[in-house]
Amino acid sequence: MEERAGPGPNPEPDPNPEPDPDLEPDPDPDPEPDPERDPDLEPDPHPEPGPDPATAAALLARASDSRASRLSFCTKMCYGFGGIPNQVATSATSFYLQLFLLDVAQIPAAQVSLVLFGGKVSGAVADPVAGFFINRSRRTGSAQLMPWVLGCTPFLSLAYFFLWFLPPFSSLRGLWYTTFSCLFQALATFFQVPYTALTMLLTSSPKERDSATAYRMTMEMVGTLMGATVHGLIVSGAHRSNHCELPGPAAVSPDAGRLYSIAAAVVAATYPVCVSLLCLGVREQPGPADPGPGHGLGFLTGLGLTTRHPPYVKLVVSFLFISAAVQVEQSYLVLFCTHAAQLREHVQGLVLTVLVSAVLSTPLWEWVLQRFGKRPSALGICVMVPFSILLAALPTASVAYVVAFVSGMSISVALLLPWSMLPDVVDDFQRQSQHHGPGLETIFYSSYVFFTKLSSACALGISTLSLEFAGYKVEACKQAAEVVVALKVLIGAVPTCLILVGLCVLMVGPAPSGQEPDTARQHRLHRKSSLSLVSDSRGLL
C-alpha cells in the first residue's frame, strides 16, 4: 500500500474534478494588451478587400496631376493681362467714338449711324464664325488657341489706330470709318473668343480655372477704367470750353485730330505689350478630351433648340431691351454733356464716376443676388430711371454726378444679372431636353451675345439717325433746339422705356426652377470659366 503525503484518510475521487489553472491553459484568456502584438496577423472575420493595383495607381496619378495642375501667381497674372487690351479699347470707343465721328471727323450723323451699326453687326456675326474656324483649327506646335490670339494682335492694333485717324480726304470718310469699325469689331471677337476659351486649357483643375477667371475679370475691370481715363485725359484738350468765342472750327481745337491719334496709338500699343506678357507667362495645355470635328451640336441646330425654349426666349428678349438701354445711356452721355447740358468740362469726371460706381457696386450686387434672389435684384436696374429723367430736365453739374453714380450701379447689375440667370436657363433646358452633347452650353452663351450685339447695333444706329433728322450740324457752335431736345430724349426717355419694357418681360411668368445641389455645383464650376463670352469654343458650329 502506497503511502501518501499529508495527514488524513485517502479522499474519494471527484467525478467532476476542477482543472488546475496552473496546469491547463485558460480557454478565455484576458491578457494585458501587448503593444508588440500585430493585429494584422490574426484573421479578420470580415476582411476588407485591399485596393486594386490599377485603382491605387490611378489615385497616385490623380494626386500627382492635382499638384501639377496648380497655376502659379505669375501665370494667373499674365493670363489676366491678356484681357486688358480689348477692355481698354471697348471702353474708349463706347464713350468717345460717337463724339469723335461727329465733331472731329465731321461726317454726317446718318453716316455715323452706319459706322456704329456696321461695327456692331460685324462683331455679332464674327462670334459663331470665330468658333467655327477655331474649332476646326489644328494645333500649331504645342498650342491651338494661342496662335489665334497672336495672329489677330498686329491687325487689331492697326485697325484700332486707323479707326481714330483723320484721313487727308473728306468725301469718303464715312466709308473709311465704316470699314475700320467693322474690321476692329470682327478682329476683337476673333481675339476674345480664343482668349476666353484658353481658360479651359490652362489646367484641368476646376478650382484653378475659377481662380484664373477671377484674375482675368479683375484685370478686365482695370482695363475698363484705364481706357476711359487714359483716352479721356489725352483728348480733353480737343474740345475747348470757349470754342464759341474763338474763330475757326467751332466744335474742336485745331489739334483735335493729333490728340485723338495719340490716344489711339497709346491704346493700340496695349495689344502687343499685354499679349507678349500673356505668351511669356502662360502655357497652353493639350485638351484631355477634345471632341473631334462634327461632335456635339452644330450652332444652327443648337440655336433652333434654344429659341424654342421659353425661359431662354424670355431672358433674351428682356435683355435685348435692357442692354440696348445701357448702350444708349453710355454712348450719349458724353454727347449730351457736350451739346445739351454745357458740361464739357465735367465729361471726364462723369465718365470716371460711371465706371468707378459700376466696378465698386459689383460685389454689392453679387451679395444682393445671393440674399434676395435674381428676379427681385433686377429691380435695381430701374433705379437709374428717375435720375435719368431728372438729368434731362435739370442738367446741372451736381445732378449729373449723382446720375452718373446711380447709372453706374444700374449698369453693373444689368451686366451681371444675365450671366447669373443663364445657368438656370441651361439647367432647366437640360432637365427637359434629351440634348446634352458637347457645345450645348456654349451655344446658349454665344447666341445670347449674338442677339445682344444685334440689339445694341439697332439701338445705336436708329438713335444716331434721329440726330440727322433733328438737324445736327457738325460745325455748329451751338446746336439747334431740336437737337438738344433729341439728346434729352435719348438720355432720358429712351433708356427709361427700354428698361421698363425689358423688366416687364422678365417678370412675367415663373422663373426656371433650380437644379439638384451636386449637379448644379458641377455646372457652376464649369460656367464660372466663361462669364464674358464663351467658356469653350469647341463644338460651337
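The values are calculated or read from the model by the stated rules, or taken from the named source; none is laboratory data. Computed from a predicted model, the values in this text were never measured in an experiment. Here the Cβ positions follow ideal geometry from the backbone for every residue, glycine too, while neighbour counts run over all protein chains shown. The protein model used for the area step is the full one, side chains on, heavy atoms only, and it has no ligands, DNA or RNA in it. Shrake-Rupley method; radii C 1.70, N 1.55, O 1.52, S 1.80 Å.
Before moving on, here are some points about what is shown:
- Scalar couplings 3J(HN,Hα) for segment 420-432, obtained by applying the Karplus form with A = 6.51, B = -1.76, C = 1.60 to θ = phi - 60°, are 7, 8, 4, x, 5, 5, 5, 4, 5, 5, 5, 6, 9 Hz; x denotes Gly and Pro.
- Label-point separation in nm, E345 to V317, each point 7 Å along Cα→Cβ: 4.9
- Taking segment 358-475 and dividing mean pair separation by its residue count, relative contact order in percent (alpha carbons under 8 Å, at least six apart): 26
- Probe 1.4 Å - accessible area at L355, Å² to nearest ten: 10
- S276 versus F372: modelled label distance in nm, points set 7 Å from Cα along the beta carbon direction: 4.8
- Per-peptide packing, taken as the mean over residues of other Cβ atoms within 10 Å, places 347-353, 274-280 in the sequence 347-353, 274-280 from highest down.
- Compared with the alpha-carbon gap, the fully stretched path from L305 to T396 is longer by 27.8 nm at 0.36 nm per residue.
- Pairs of Cα atoms farther than 25 Å apart, segment 67-180, %: 39
- Mean separation of Cα contacts under 8 Å (6+ apart) over length of segment 100-204, as relative contact order %: 44
- Packing here is the average count of other Cβ atoms within 10 Å per residue, and on that basis the peptides 201-211, 322-332, 148-158, highest first, run 322-332, 148-158, 201-211.
- A straight line joining the Cα centroids of segment 356-398 and segment 144-193 runs 33 Å.
- Pairs exceeding a 28 Å alpha-carbon distance, out of K374/K488; K374/K453; K120/K488: K374/K488.
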